[in-house]
1. In square nanometres and to one decimal, what's the mean projected area of the convex hull around the Cα atoms of region 157-272?
2. Mind checking the angle between helix 185-210 and the chain's longest principal axis? C-alpha axes, 0 to 90 degrees, to the nearest 10.
3. To two decimal places, what compactness ratio does region 6-127 give when its Cα radius of gyration is scaled by 2.2 N^0.38 Å?
4. Can you give the FRET efficiency for Leu25 and Trp155, using 1/(1 + (r/R0)^6), R0 = 41 Å, r = Cβ-Cβ distance, to the nearest 0.05?
5. Enter the angle in degrees (range 0 to 90, nearest 10) between the Cα long axis of helix 62-86 and the first principal axis of the Cα atoms of the chain, meaning the one along which they spread out most.
6. Taking 0.36 nm per residue of separation and subtracting the Cα-Cα distance, what length does fully extending Asp241 through Ala55 add?
7. In percent, how large is the relative contact order of the chain, given Cα pairs closer than 8 Å and 6 or more residues apart?
8. Which Rg and Dmax, in Å, describe the Cα atoms of the chain?
Amino acid sequence: MTAATARRSRPRTLDLRPALVGWILVFALGSLVWRDALPTFIVIDLIVSVALAIALYVIAPRKQRNTIRRLIIFLMGSVLFSVAVFSGRGNMQPEGLYFGILITVTHPAVIHYALAKIVGPLFFGRVWCGWACWFAALFDQLPFKRSRGRLRGRWGWLRYGHFALSLGLVLLFWFGYDYHDGANGVTGLMWFLIGAGLYVLTGVLLAFILKDNRAFCKYFCPINVPLKLSSSRSLLRLEGDPAKCNDCHACVVVCPMDVQIPQYIADKQRVLSTECTMCISCINVCPKDALKLSFGWDTGAERLRSRKPQTNLDWLRGLKFRRLLPGKHDLSNLP
Ligand code: SF4
Ligand code: SF4
Ligand code: SF4
């Protein structure tokens, strides 16, 4: 096959630049016209954009959907972040949650975490992380879209350390210094913006150092603690069909969280990993239509046997394996 033929047979990447230019023009014009009600205009503009992007996702060919998902999470994260900032509900960072609990359990941060990070994942898993998180909205736009696997060792435990540190910090302020202003008003907003800025900075640095857009999610995000706990009981999960799966590993290659999907299928289990963010990139690339979403109840015994995500060493082994078997493991058409 000549280089030109190979180029022609490769699927075309969706070019969203004209839509982006149009969106910026509409945004700039609208901001001028409705400058007296700018926050309301921004939120409405973003909500309409999310609706259009979801419609585009539904009608687009499967090979383009992972690109459109990145657009959706960017817009969705922007809507939610804008609402959180403009509504003046205070600090939505984990520290805001702890201050909020100490003030009143009906604090907006407590309600947000209860719904999005505890009750929601019991039904829909970590759909927040795949489609709505305002941090991942930025991380998913970085250049390292294909994960290279995980660092070996217990680096994932840093997330628990970070959780404990931020809880300890709030307790120290509250009980040690009698400081109660971390959740509400202008001070709460400052905590929120500075905390969010630090998360973004750390996430971008980690992504470039480890060449992995979701490195922050894998090693450092403390929000994983409630998310993993409640999503371990999620009713919605991926389910594979062992009769259709040919073990090609295309799903593992696109999985941003390194979930070992074929192993669950071989074990006749649904995908029980609490690392899964429900981004459904794997469904979109499966050449055999072997994956789908399903509602169900998994027993504790099944969960105990759940697989660890692949490490970066497994990824290298996988590369070697794929080179040895180029026909069976043809991954050239992945988006
Ligand atoms: S792990 Fe944390 S940063 Fe990553 S998507 Fe989930 S909430 Fe957002
Ligand atoms: S991409 Fe589909 S066929 Fe290939 S390993 Fe994954 S589930 Fe099986
Ligand atoms: S297993 Fe599939 S849905 Fe879950 S994170 Fe990986 S690619 Fe996304």
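1. If you wrap the Cα atoms of region 157-272 in a convex hull and average its projections, you get 9.7 nm².
2. Its long axis makes an angle of about 20 degrees.
3. The value comes to 1.35.
4. It comes out at approximately 0.40.
5. 0
6. Taking 0.36 nm per residue and subtracting the Cα distance, the gain is 64.2 nm.
7. 21
8. 21.3, 72
A short reminder: the numbers here are calculations on the coordinates, not readings from a lab. Values in this document were obtained by computation on a predicted structure and should not be read as measured data. Please note: Cβ atoms are built from the backbone with ideal geometry, for glycine as well, and neighbour counts cover all protein chains shown.
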